[in-house]
1. How far, in nm, would the chain grow between Thr238 and His570 when pulled straight, counting 0.36 nm per residue and subtracting the alpha carbon separation?
2. Show which aspartates and glutamates lie in cross-link reach of Lys185 when reach means a straight Cα distance below 16 angstrom and same-chain residues fewer than eight apart are skipped.
3. Suppose the chain between Asp561 and Met534 were pulled fully straight at 0.36 nm per residue; how much longer would it get relative to their current alpha carbon spacing?
4. Determine the order of Lys251, Lys555 by accessible area, beginning with the largest, at a probe radius of 1.4 Å.
5. Checking the cross-link filter: which lysines have an alpha carbon closer than 17 Å to that of Lys638, excluding same-chain neighbours under 8 positions apart?
6. Given the peptides 51-60, 224-233, 341-350, arrange them by the average over their residues of other C-beta atoms within 10 Å, most packed first.
7. Note down the accessible area of Thr640, probe 1.4 Å, to the nearest 10 Å².
8. What figure, in Å² to the nearest 10, do you get for the accessible area of Met590 with a 1.4 Å probe and non-protein molecules left out?
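The values are calculated or read from the model by the stated rules, or taken from the named source; none is laboratory data. Keep in mind that this is a model prediction, so the values were computed, not measured. Quick reminder, even Gly has a Cβ in these numbers, built from the backbone with ideal geometry, and neighbours come from all protein chains shown. What goes into the accessible areas is simple: the full protein's heavy atoms, side chains included, and nothing from ligands, DNA or RNA. Shrake-Rupley method; radii C 1.70, N 1.55, O 1.52, S 1.80 Å.
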Amino acid sequence: MTVLPEHRASLRHGLLLVAGCALLLAAVAFVPALHFSIPRAPNAALHAAMETGSVIVSLLVFSVGWASVRRGSAAGAAPQVSAVFLAVALLDFVHTFFYDGMPLIVEPQNWGTSVTLFLAARLLVALAMLFFAFGPERGVEAPAPYLPLVGGTLAFALVVVAVSIWEPHIPTLWFVPGQGLTSAKVGTEYVVMAMNLAAAAGFARRLSQPGGTLPVAQLLTATLVMALSEYAFTLYSTMWDQYSNFAHLLKIVAYAVIWEALFARALLRPYQALEAAQERLAASEERYRLLFENNLDAVFVASAAGRILDVNPAGCEALRASRDLLVGQPAEGLIDSQRPEVQRLQDEVARIGRGRATTRVRRPDGSLLAMEVAGSAWRDRKGRTLVSWVARDITERERARAEILQLNATLEDRVQQRTAQLEAVNRELEAFSYTVAHDLRAPLAAISAFGEVLVHQAGGRLQERDLQYIGRMRAAAAQMSGMIEALLELARLSQAKVSSVSLDLAAIADEILQECRDGAPRRQVETVVQRPLMARADPTLLRLALRNLLGNAWKFTGRCDKARIEVGSHEDAQGHTVFHVRDNGAGFDMAAAKRLFAPFQRMHPQAEFAGHGIGLANVSRIIALHGGRVWAESEPGKGTTFYFTLGLGRSQAVAA
């Protein structure tokens, strides 16, 4: 059996109490020093005191049940049990006056009457606990049916009192002076003890059942203590020995545990629950108040008739008015109800309980305020229909929206102006390109040509140093002409139209490498080209980019004994195809990689590796036109790898 967590602490304490009572009973039975017999008169006084305590506890149990029924918080069989304890209090009270040694009040006085009343009370308690253990969770919840129950138990007690007093066989039925308890008395005690143990089993069963409302751990403790008390009542030989007195004491302990359980369930816990509910309500109201007071939006609470009942500080600030001025005023004084959006908002709130609209609100000083208003209808605890209005100042947003609309209205004119400016810039670039192509290249061609004529006509009369000067002049003119051609090519790339077709980069790489071999047939270069290398790109532009990359690889491996050039591809973590051109040539320091793709930037001296410094700039421009990117990894003396991707940039727009 698994005990529910809410019962474990009470069960642990109760079992400790039962164990303590059982040990004390064992000590009373087996320790000779605890065997005693109190004189008749003092024992009567002690018995009267203990029974008075029993009567008081019984009346407390009844009062708890009565109060719980009056409050409507009765649980399970608590009302029936409390009604029984009223009869038990009456029986114990009368039982006290018939006890041996008490003053003579009623004739005839005898021990049989006292024991009969006592046993009747014990039987009632055992029956009540059985009903408590196996009865329904739901008990009597109104005073009307409870009163007949109380009257019935009192009537039963009075009948028992009358029978026990005037029945002639009662004096010797339970106890015979000088002989002790009769078998009828012992058997009845065992029956009562069995009933208590059965009730204890019922309470133990409920320890593992969720959803219960009874304090079953305390009631289990009480029934076990009462079973010990009944057992002790089977052991006494005189009314004033140790067993009789200890049994009375156990009975009072059991009654006190029952009272504590019912008090905690019927009175204490409801008050604690009420206090906790009040604290939660106060906390909830505080949260609402803080939310209401500190909300940055204006919040209004209005009645169904439209009068403002409350407004938060943000609302007062937005309307530039005090709370006293706004509360009690009709909302129509702030919002024009004739506006279509306001009528639509009011209809939505009335129809579905909520709505939203953008409108203008009039402040008490007459100025207008653009606000977004949301309304929500609800009912308070009294059933009144109220409406909460949350308004946000959107004046700045509306002003910005108006500016955007105005800008959009003039956007076409500005686009046309910008297009005209770009066309003018393009015409200027074309004129510059024409000037570079014709006006600058012509003097360079003349310098080179006149140098060649000078060598042919006056070569025999010139000294060796003069011939070197003329050679350097012609070489500089040729280099300048090459740089101009490269610059023109870079300019043409800026205006190139990019198409998109399916290409095999492996075939293009093979053609370019074959051109390199034809230009240097004596070189032994190992080339590895992955097949196939499919891509979508502009064939002319991508051929130019590969020619620059492979040309650089061919050039910078010129001093390697075992040159190797590799063209291939792989997929990155995002699934994009990354192409690469790898060589084992001269390489460069990655610290200078930031200027690698800038025009006229070189990683090696001109005397070491010839070039214009435009090729990689062209590569970067071509890859950018395709929506991709290009980068490099290198190490001096160990070669270089250029990586590039082909995205969906301008190429997608011009795709066939």
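1. On the way: separation 332, 0.36 × 332 = 119.52 nm, distance 10.62 nm.
Here the answer is 108.9 nm.
2. Filter leaves Glu230.
3. Numbers: separation 27, 0.36 × 27 = 9.72 nm, distance 3.21 nm.
Working it through step by step, the gained length comes to 6.5 nm.
4. Details: Lys251 5, Lys555 65 Å².
Highest to lowest solvent-accessible surface, that is Lys555, Lys251.
5. In chain and number order, the partners are Lys555, Lys562.
6. Values: 51-60: 20.0, 224-233: 24.9, 341-350: 16.3.
Ranking, from highest mean packing down: 224-233, 51-60, 341-350.
7. Counting only protein heavy atoms, Thr640 exposes about 10 Å² to solvent.
8. Here the accessible area works out near 80 Å².
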